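Take a look at the structure below.
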Amino acid sequence: MPGDPSFTFSVLHRICKLVVLLCFLHIAVAVVFYVRSFDFRLAFVQNQQSNNNISKSQNTDPVVSYGKVLEQPVKKLEKCPETSPLLVGPLKVEFNFTVDLELVKKENPNVQPGGRFKPKDCEALQKVAIIIAFRYREEHLKYWLYYLHPILQRQQLDYGVYVIKQDGNDTFNKCRLLNTGYAEALKEYDYNCFVFNDVDVIPMDDRNTYKCFSQPRHLGVYLDKFGFRLPYNGCFGGATSLSKEQYLKINGFPNNYWGWGGEDDDIYNRVVTKGMSISRPDSEIGKCRMIRHNRDKLNDPNPQRFDLLAHTQQTMDKDGINSLKTQVLSIQKFDLYTMITVDVGKP
Ligand code: UD2
Ligand code: MN
């Protein structure tokens, strides 16, 4: 009953129990919050320490927070300079010694499997696929690799070397191989520049940069074979570079030149037909050597070349990369190059 001392006592007793309960509750909540905030502070302190470590150790240790390892901070590389500081200029190019590819690999430790390289201390200005039409030219390829890898690295290119080998023993078709090389290289990496290099053409000056320019570039210009002079103004053979855009603008290269001759002139016609011109290095920088060789078997002069050449303008939009029908039989990653073996079909 109210007023009854025992009643009053039991009410007071209940109120005290409630107050004690609330105090426990309050303490419990405070303890939980404290522990959590302690953990946070600890992590914060750790984070600070590891950041301090990072500044001391130049961004090498991973940042640790909440006990897990976060991404390693990636240092953004500066762009490479327009002209590489590593160039040496004129080179001595000889073919009177035997090339040991094991040695070439040792001398070029930064070339990755498949013949890939990119500069470590700056971001290359262009991604360049170097494409070589190939069959029965093993000795020439060794010289090419021996001379070109050091040059391309000094030029600070992000590059890959693709040797496109014709399978079988039918008449050689250089442009079907080059078109296939373009398509296969692009599947591997977003190259924006393509160099098409005869296996036997070697530059004599590393200032002849294997990159792309505002116009299709004639790299293999002044050959020792022609007295270091341009044999004719429309000459566009040996070694050339086209940006992806320039290559697509001419619909790549003609597929129907079987055997020797005319295909490089057809490419020149395509370039001019599409309103572009040929860019060339000067006569000093553009000097090249071609390894002396006889005509290859199964690459006889193409009797149809003159007739095909006369119709470039009519055929180029339908005959090129958009009509290429070849079959890749294998892709092999060697130390210094990627070899793609191709069935180019028959004449
Ligand atoms: C000239 C051109 C070449 C090409 C050829 C006509 C220059 C410097 N070169 O070179 O670009 O237009 O005339 O087709 O102007 N190949 C093989 N195995 C063979 C045949 C050819 O690998 O059995 C490859 C190899 O990369 C070679 C290229 O095709 O360098 C051109 O063939 P070539 O060297 O016999 O032609 P060449 O020296 O007359
Ligand atoms: Mn040749």
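The values are calculated or read from the model by the stated rules, or taken from the named source; none is laboratory data. Note that the coordinates shown come from a computational prediction; the quantities given were computed from them, not determined experimentally. Here Cβ is always computed from backbone atoms with ideal geometry, including for glycine, and neighbour counts include all displayed protein chains. The protein model used for the area step is the full one, side chains on, heavy atoms only, and it has no ligands, DNA or RNA in it. Shrake-Rupley method; radii C 1.70, N 1.55, O 1.52, S 1.80 Å.
The figures follow:
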| read-out | value |
| --- | --- |
| Hits in the stretch 283-303 - residues which are away from ligand 2 (no atom under 16 Å from the Cβ) and open to solvent by less than 40 Å² (accessible area, probe 1.4 Å) | Ile285, Gly286 |
| Number of positions in the stretch 253-266 that are in a helix (DSSP H, G or I) and near ligand 1 (Cβ under 9 Å from one of its atoms) | 3 |
| Which numbered condition Leu223 misses (of (1) out of contact with any strand residue (DSSP E or B) (no Cβ under 7 Å at 6 or more places or on another chain); (2) within 16 Å of ligand 2 (Cβ to nearest atom); (3) of a type in the set (A, V, I, L, M, F, W, C)) | (1) |
| Verdict on Leu230 being more than 15 Å from ligand 2 (Cβ to nearest atom) and in the same structural domain as Lys287 (by TED's automatic domain parsing) | yes |
| Residue check for Phe306: open to solvent by 70 Å² or more (accessible area, probe 1.4 Å), touching a residue at least 40 places away in the same chain (Cβ under 8 Å) and away from ligand 2 (no atom under 16 Å from the Cβ) | yes |
| Some residue of the stretch 212-230 being part of a helix (DSSP H, G or I) and either away from ligand 1 (no atom under 15 Å from the Cβ) or in contact with a helix residue (DSSP H, G or I) (Cβ under 9 Å, 6 or more places away or on another chain) (or both) | no |
| Selected residue [more than 16 Å from ligand 2 (Cβ to nearest atom), crowded, with 21+ Cβ neighbours inside 10 Å and within 19 Å of the chain's Cα centre (by Cα)] from Phe194, Phe253, Phe213 | Phe194 |
| Residues of the stretch 116-150 satisfying the condition of being within 16 Å of ligand 1 (Cβ to nearest atom) and assigned to a loop (DSSP other than H, G, I, E, B) | Arg135, Tyr136, Arg137 |
| Index of the failed condition, Thr312 passing every other in (1) away from ligand 2 (no atom under 16 Å from the Cβ); (2) over 30 Å from the mean Cα position of the chain (by Cα); (3) open to solvent by 60 Å² or more (accessible area, probe 1.4 Å) | (3) |
| In the stretch 279-315, the residues that are more than 13 Å from ligand 1 (Cβ to nearest atom) and closer than 19 Å to His218 by Cβ | Ser279, Arg280, Pro281, Asp282, Ser283, Glu284, Ile285, Thr312 |
| Qualifying residue in the stretch 327-341 (condition: open to solvent by less than 30 Å² (accessible area, probe 1.4 Å), more than 24 Å from the chain's Cα centre (by Cα) and of a type in the set (Val, Ile, Thr)) | no |
